Each structure stands twice: as C-alpha cells, then as structure tokens.
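Presented below is the structure to which this report refers.
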Amino acid sequence: MPTPATSVTPNTSSDPDIPAPATLPEGHARPGPGRREPWLLAVVLFVGYAIVSVGRYRHLGQRSWDLGIFEQVIRAYAHLQAPVADLKGPGFNILGDHFSPVTALLAPFYRVFPSPVTLLVAQAALFALSAVPVTRAAARLLGRRRGAAIGVAYGLSWGLQQAVDFDFHEICFAVPLIAFSLEALLARRWRAALLWALPLVLVKEDLGMTLAAIAVVVALRARHDSARAARYAIGVAVFGVAAVAVTLLVVIPSFNSGGTYDYWNKVSESGGGGPFDGLDTKLRTLGWLLIPTTGLLAVRSPLLLVALPTLGWRFVSSYAQYWGTDWHYNAVLMPIVTLALVDALDTARHSTRGWLRSYVQHLPAAVVAASLALTTSLPLAAVTESEIYRKPARVTAIERLLAEVPDNASVEANIAPISRLTSRCRVFWISTTRGIDPDFIALDNSRNRYRDVEGYARDLHPDARYTIKGTAYGVVLLERRSAG
C-alpha cells in the first residue's frame, strides 16, 4: 500500500536566508536552496587547489617521497600489476604498508595521462568536491547566504590547504566520503549516511574506526525515528571495528615482508609521557580545529564524536609530526568540524538564551572572515603571486639533465629528482636498493651534503663504478659504467 504523501509547507518568505520549515520523512531530503552555488564554489576551489598543487610540482617543491610512492603504486595498477613501491624497498607491496586499495580508481586516468600531475589534479578535484555536500547541508539548514559563507570557510580551511600543499595522499578520497555521509546524516537519510561511509575501510586502515563513529552517531539520532535504522547502524559500527582489526592483524602483515604492521612502533616507542608527550602541541592543534573553524560552537554537536578516532591514534602516537597542524593529517577532520558547526548552529538558534542566539546569528560571518584572514598566510595565497605560474629556469635545467636517463632504467634518487623519474623509470630511495646496482644515481646535492658524490656512490655500491654524467643547480646525475 503506498505511503500517504506528507504535506509540506512552502517557504513563502522573501528572505532567501530562511530555510523552509518543513520536515520530510526519513529518506526524503528537502531540496536545498541555491543548488548551483555549491558546484560553482567547488569549481573555484578546484582551480585554486590545482594551481597551488601543480605549481609546487612545477617548482620542484616536493617535501617528501609520498608523491613518488603513490605514483609507483598507481602506475602499477594502471598496468594491471601488483602495487609495488620500489621507493619503500625493491619489490615492496604497498598493501603491506598502508591498506589503500581505493587508489586503484585513479589507474585509468593515469594510464591516459602518465604523470604525477594526474594525481595532484585528482586530489584537487576530490577536495573541491567535498565542498558540495558541506555547502548544501549548510544551506538547507541555515539558509542560502549562511550556507554559502560556511562553504567558503570550509573550502579555505587550513586543514585542506595544508593537505593540498603536501603532494598527494590517499586521504583525498576520505574527505568527500565523510562530507557526503555527514550531509546525509544531517538530512536524516540514515541509509545514505552509512553507505557513503562504508568505503572508508578501503581508503586507509584506521578509517574503519571513523566509519564506526559515524555509525554510532547515526544510531543515536535514528533510535527514536527508526529502530531498524539504528540496528543497521550498530551493525555497521561493529563491521568498522572488525575491518580495522582484520586489516591490521591479518591483511597488512600478509603483504608485509616482516609479517607485521610497521606503524605499531609509532605508538609503542613512546617518549615516556605517553599521551602527555607534546601536550602543548596537541592543545594548539585542538585550538586550531575548534576556534577559527567553528568558534567553539561545534562542541555542542554529537557529530564531533566522528573526529575522535583520528585524533585518538594521532595523539597517543610517539611520532611528533602526527600531533601538529602541518601536512595532510587534519584534512579528514575539516568536514567533520564544519558540519558539526552547521548542526550546532541549527539547534542553538532555537535556544532560549538571547546571547547564544545572537552568537549563532553572527558566527557564520565570523568564521568566513577568519578563514579569509588566515588564507593570507596559507598556501592558497600563492594564487595571487605571479611566481607560481612560471617554471623557474633552475627546474627546466634539472629536468633537462634527468631527461638523459632513458625510459625503464633503474635509478637511485633522493627527494628532488624522484617526481621527474617515477612515471617512466624504476626508482629506488637512496641507500635502500638492497644489493641492486642501479643504472643511474640522481642526487639533489644543492646543500653540499655529499662532498664527494662519486665516493658516496662507491660506498653505496662497492662492486660498481659510477661517474658523473652531468650536474644542474646542485642535482648530480651519475651513471654506472661497465667493468673494464
């Protein structure tokens, strides 16, 4: 028997910032105002993110080997091979390091455009896409203008900007998944919220706990409206925890040459204070997460619980770089804290406390103002500088030197040369070839770390002879000579 239609009171107000008051049944979201604005914002953000990310690549500004590792993995997937990352060690299967099979989705694009730029552009697109559900949810609950303000603040959030500025990482898939999931949760579309979150277990091994946290929040919110949805959510939460256990204890060790999960030592080798190590840094990180992005109001929303698993494993770790605001580690938290703010704004505007209603009324403008002010000292500020659009002569000379390495050659390299070689050569990290004498050695010696590069090559490979083939702006290319 068909379900009777629920009457909906139209929004007859001339103010576009007042959302329609009607509530539809679970599974039927009310169309939000300003359908085009979220997508237009996403396009603008994509352009900005891509300029920053590709601009850093064009300036040879990589700060780690991550881009090279992921390119090796995706290149292998693109050729239907095991995801081997020789930078981690000859023949190293990346599934024995982190469980991120989702990166295989980029393989078809990489097969057509075999370049690290493909990864950077894809990451920019995924981060920008996440602004759509965030802006849409904010507009639906708070109105068109405030929704747009929240969307801009989210797109300029420091966590996303830092991630864009740090090469490529698999978490770029998690950010839109979390955003779409929480948008559905706020719209009381319980099934959609769970389905959007389920693929998180394929993004990275720890994100099963984030899936579990989302499912717990769904269960809490659905228990009065739909006992069935709440039961399903509890089942998904159990699945998320089980997925983490199986991945860490079975899947990753089975691909790891040492038969273990290499990152356990990041927790076990504590500096003595345990969770209290680096407490000042951790508190500053919490301040950055909650003050400029949400004005502390997000603490009123249960959605903030979804951030606890990520903060938990980072803050109990002995690895100091997990604690702070740099790199990509905070990107997955940005849609959580922003949509927690949206949820808190929606509920707090009905408060009987006048000061709170006034605070809620002005907070979206304050948050977007804070994000705009902070952006002047964050990576996106580079889009206003002409230098980012020009390739330096130094980079052109280095690329010309590395072009002398033939395709499919084996190369041992450090950070700077890696990104110009991994799309067409077999590349090893310096000093970790494990007995393999590569065809070439490419070293960034711009800081004169190696006083005698040929002598250093002899130390690395006593049974081989390497001579300098060329230099360019501190990058030295050595070639292995045949015996005699």
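The values are calculated or read from the model by the stated rules, or taken from the named source; none is laboratory data. Fair warning: this is a prediction, and the values are worked out from it, not measured in the lab. A quick note on method: Cβ atoms are made from the backbone with ideal geometry, for glycine too, and the neighbour counts reach across all protein chains shown. With ligands, DNA and RNA removed, areas are computed over all heavy atoms of the protein, side chains included. Shrake-Rupley method; radii C 1.70, N 1.55, O 1.52, S 1.80 Å.
Among the residues that make up region 174-184, is at least one of them among the aromatic types (Phe, Trp, Tyr) and not in a helix (DSSP H, G or I)? Before you say what the answer is, go through the steps one by one.
Residues of region 174-184 among the aromatic types (Phe, Trp, Tyr): 180.
Then drop every residue that is not not in a helix (DSSP H, G or I), which leaves none.
No, every residue in region 174-184 fails to be among the aromatic types (Phe, Trp, Tyr) and not in a helix (DSSP H, G or I).
Going through region 122-131 one residue at a time, which ones are open to solvent by 10 Å² or more (accessible area, probe 1.4 Å) and over 14 Å from Arg36 (Cα atoms)? Talk me through it step by step, then tell me what you get.
Going residue by residue through region 122-131, those that are open to solvent by 10 Å² or more (accessible area, probe 1.4 Å) are 122, 125-126, 129.
Scanning region 122-131 gives Ala122, Ala125, Leu126.
Could you list, in sequence order, all residues of region 461-473 that are open to solvent by 30 Å² or more (accessible area, probe 1.4 Å) and either small (Gly, Ala, Ser) or not in a strand (DSSP E or B) (or both)?
From region 461-473, those open to solvent by 30 Å² or more (accessible area, probe 1.4 Å) are 462-463, 465, 468-469, 471, 473; that's our starting set.
The answer is Pro462, Asp463, Tyr473.
Hey, does region 450-457 have a residue that's within 21 Å of Asp86 (Cβ to Cβ) and either over 37 Å from the mean Cα position of the chain (by Cα) or open to solvent by less than 10 Å² (accessible area, probe 1.4 Å) (or both)? Explain how you work it out, then say what you get.
Narrowing region 450-457 to residues within 21 Å of Asp86 (Cβ to Cβ): 456-457.
Those left that are additionally either over 37 Å from the mean Cα position of the chain (by Cα) or open to solvent by less than 10 Å² (accessible area, probe 1.4 Å) (or both): 457.
Yes, some residue in region 450-457 is within 21 Å of Asp86 (Cβ to Cβ) and either over 37 Å from the mean Cα position of the chain (by Cα) or open to solvent by less than 10 Å² (accessible area, probe 1.4 Å) (or both).
How many residues are at pLDDT 95 or above, in contact with a Lys or Arg (Cβ under 8 Å, 6 or more places away or on another chain) and either in a loop (DSSP other than H, G, I, E, B) or surrounded by fewer than 21 Cβ atoms within 10 Å (Cβ to Cβ) (or both) if we restrict to region 62-97?
3
Can you give me the number of residues within region 300-330 that are open to solvent by less than 10 Å² (accessible area, probe 1.4 Å) and either on the phi > 0 side of the Ramachandran plot or in a helix (DSSP H, G or I) (or both)?
5
So which helices (runs of 4 or more DSSP H) are wholly in region 201-255 and hold at least 3 residues that are open to solvent by 10 Å² or more (accessible area, probe 1.4 Å) and touching a helix residue (DSSP H, G or I) at 6+ places or on another chain (Cβ under 6 Å)?
On the way: elements: 207-222, 227-246, 252-255.
Qualifying helices (runs of 4 or more DSSP H): 207-222, 227-246.
Give just the number: which of (1) under 19 Å from Leu160 (Cα atoms); (2) in contact with a Pro (Cβ under 7 Å, 6 or more places away or on another chain) does Val117 not satisfy?
Looking at each condition in turn, Val117 falls short on (2).
Kindly provide the set of residues from region 403-416 that are without any contact (Cβ under 8 Å) to a residue 60 or more places away in the chain and within 15 Å of Arg63 (Cα to Cα), ordered by number. Break it down into steps so the answer makes sense when it comes.
Filtering region 403-416 for residues without any contact (Cβ under 8 Å) to a residue 60 or more places away in the chain gives 403, 406-414.
Answer for region 403-416, where residues must be without any contact (Cβ under 8 Å) to a residue 60 or more places away in the chain and within 15 Å of Arg63 (Cα to Cα): Ala413, Asn414.
Could you check how many residues of region 426-460 are in contact (Cβ under 8 Å) with a residue 60 or more places away in the chain and in a loop (DSSP other than H, G, I, E, B)?
Residues meeting the conditions: 4.
Identify, by number, the condition in (1) open to solvent by less than 10 Å² (accessible area, probe 1.4 Å); (2) part of a loop (DSSP other than H, G, I, E, B); (3) not hydroxyl-bearing (Ser, Thr, Tyr) that Val134 doesn't meet.
Only one criterion in (1) open to solvent by less than 10 Å² (accessible area, probe 1.4 Å); (2) part of a loop (DSSP other than H, G, I, E, B); (3) not hydroxyl-bearing (Ser, Thr, Tyr) is unmet by Val134, namely (2).
Name the pairs whose Cβ atoms lie under 9 Å apart, with the first residue in region 333-354 and under 10 Å from Gly159 (Cβ atoms), the second in a helix (DSSP H, G or I) and of a type in the set (D, E, K, R), and 6 or more positions between them or separate chains?
Pro335/Glu183
For residues that are open to solvent by 10 Å² or more (accessible area, probe 1.4 Å) and acidic (Asp, Glu), scanning just region 153-200, find the one that is nearest to Arg140 (Cα to Cα).
Here the answer is Glu183.
I need a count of the residues in region 417-443 that are in contact with a helix residue (DSSP H, G or I) (Cβ under 7 Å, 6 or more places away or on another chain), within 21 Å of Val395 (Cβ to Cβ) and not hydrophobic (A, V, I, L, M, F, W, C). Spell out how you get there, then give the answer.
Initial filter on region 417-443 (in contact with a helix residue (DSSP H, G or I) (Cβ under 7 Å, 6 or more places away or on another chain)): 417-423, 426-429, 431, 441-443.
The next check asks that each one be within 21 Å of Val395 (Cβ to Cβ); those that pass are 417-423, 427, 441-443.
Then keep just the ones that are not hydrophobic (A, V, I, L, M, F, W, C); that gives 417, 419-420, 422-423.
Counting residues in region 417-443 that are in contact with a helix residue (DSSP H, G or I) (Cβ under 7 Å, 6 or more places away or on another chain), within 21 Å of Val395 (Cβ to Cβ) and not hydrophobic (A, V, I, L, M, F, W, C) gives 5.
When region 24-55 is examined, which residues are found to be at pLDDT below 95 and open to solvent by 30 Å² or more (accessible area, probe 1.4 Å)?
Once the filter is applied, which keeps residues that are at pLDDT below 95 and open to solvent by 30 Å² or more (accessible area, probe 1.4 Å), region 24-55 yields Leu24, Pro25, Glu26, Gly27, His28, Ala29, Arg30, Pro31, Pro33, Arg35, Arg36, Glu37.
Does any residue of region 112-123 turn out to be at pLDDT 95 or above and closer than 26 Å to Lys266 by Cβ? Step through it out loud before you land on a result.
Here is the first cut: in region 112-123, the ones at pLDDT 95 or above are 112-123.
Checking which are closer than 26 Å to Lys266 by Cβ leaves us with 119, 123.
There is at least one residue in region 112-123 that is at pLDDT 95 or above and closer than 26 Å to Lys266 by Cβ.
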